[in-house]
Ligand code: HEM
């Protein structure tokens, strides 16, 4: 049965991580390749580059705050599942925190706090802030692997954990990167050709991220479902099929944006069409995250 707490916990945790990872993708892989950020074109572009990095850091800070909410909700849900009605809540919470799950959670929460502080520093222009935020976001991307199905795999656990980590990083680079690009391109309210400048470097990142998502997601599917039979005969498999259908929609919108709309970005109408289409892509991606939130709580057996 689908529970609101699962949807809330999964969406805040995954959504927050995706935004944090998207911000660092924008900082290191998209902005340095945007034409108007190139150091050789100096008149006025430094100011623009600075303002864009501030915006990227703001997305990262919102992502960190959302991750913190997800972490707290995750703990609450785990405590509810773990609860012994004959023992006081505080005692149960202490016991839960002393388990290996509790240790992983404490590390995750500490990483989230570090990410938040580092993103606030990055927003003030600190390069050290960006560096710490990047390490924290990449480390936090492993949190779902260590607390989910991947950690329960018996044969090839290390590969399963790495594949899961890569899956989350790639989801962040693509979906979080897109959210950050959309937000950065709205500087000053007017478009100022921001999308024409930012979409081409984003596209190459997105194509690489999709390749990693398909390979790592395909591997996890094979690991948890076993084969085509399991896709239709188990609840987990059917949910995965639902996720794949939604991923197909996101991919189709992304492909159209890439193939058709990118070449029209030099016109006002083209930018408006791209903004609208990319927003729909982001909304459908949230549905993917919601289905994933239920998937990770469903037994693959
Ligand atoms: C070909 C495409 C994809 C396939 C086959 C796929 C498959 C999977 C599978 C099997 C899992 C493991 C769930 C579990 O632990 O039980 C998973 C997790 C996940 N997927 Fe995907 N996925 C795909 C695309 C995407 C996309 C586009 C997104 C982002 C919008 C995404 C986000 C996630 C997240 C956040 C997790 C959670 C990781 C965890 O809890 O360990 N996936 N995916």
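The values are calculated or read from the model by the stated rules, or taken from the named source; none is laboratory data. Because the structure is a prediction, the values reported are computed rather than measured. In this analysis, Cβ positions are derived from the backbone assuming ideal geometry, glycine residues included, and neighbour counts consider all displayed protein chains.
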When you scan region 196-203, do you find a residue that is near the ligand (Cβ under 9 Å from one of its atoms) and without any contact (Cβ under 8 Å) to a residue 60 or more places away in the chain, even just one? no
Of the residues in region 7-38, those that are in a helix (DSSP H, G or I), modelled with pLDDT under 95 and over 13 Å from residue 56 (Cα atoms) come to 33, 35, 36, 37
So, first residue touching a residue at least 60 places away in the same chain (Cβ under 8 Å) in region 153-176, second residue not in a helix (DSSP H, G or I), Cβ within less than 8 Å, six or more apart or across chains; the pairs are 160/153; 168/141; 168/142; 169/141; 172/141
Residue hits (region 70-92; without any contact (Cβ under 8 Å) to a residue 60 or more places away in the chain and either outside any helix (DSSP H, G or I) or surrounded by 18 or more Cβ atoms within 10 Å (Cβ to Cβ) (or both)) are 71, 75, 78, 83, 84, 85, 86, 87, 88
Residue 22 meets each of (1) without any contact (Cβ under 8 Å) to a residue 60 or more places away in the chain; (2) under 19 Å from residue 121 (Cβ atoms) with one exception, condition (1)
The number of residues in region 243-301 that are more than 22 Å from the chain's Cα centre (by Cα) and near the ligand (Cβ under 10 Å from one of its atoms) is 2
Note on region 229-240: residues surrounded by 15 or more Cβ atoms within 10 Å (Cβ to Cβ) and assigned to a helix (DSSP H, G or I) are 230, 231, 236, 237, 239, 240
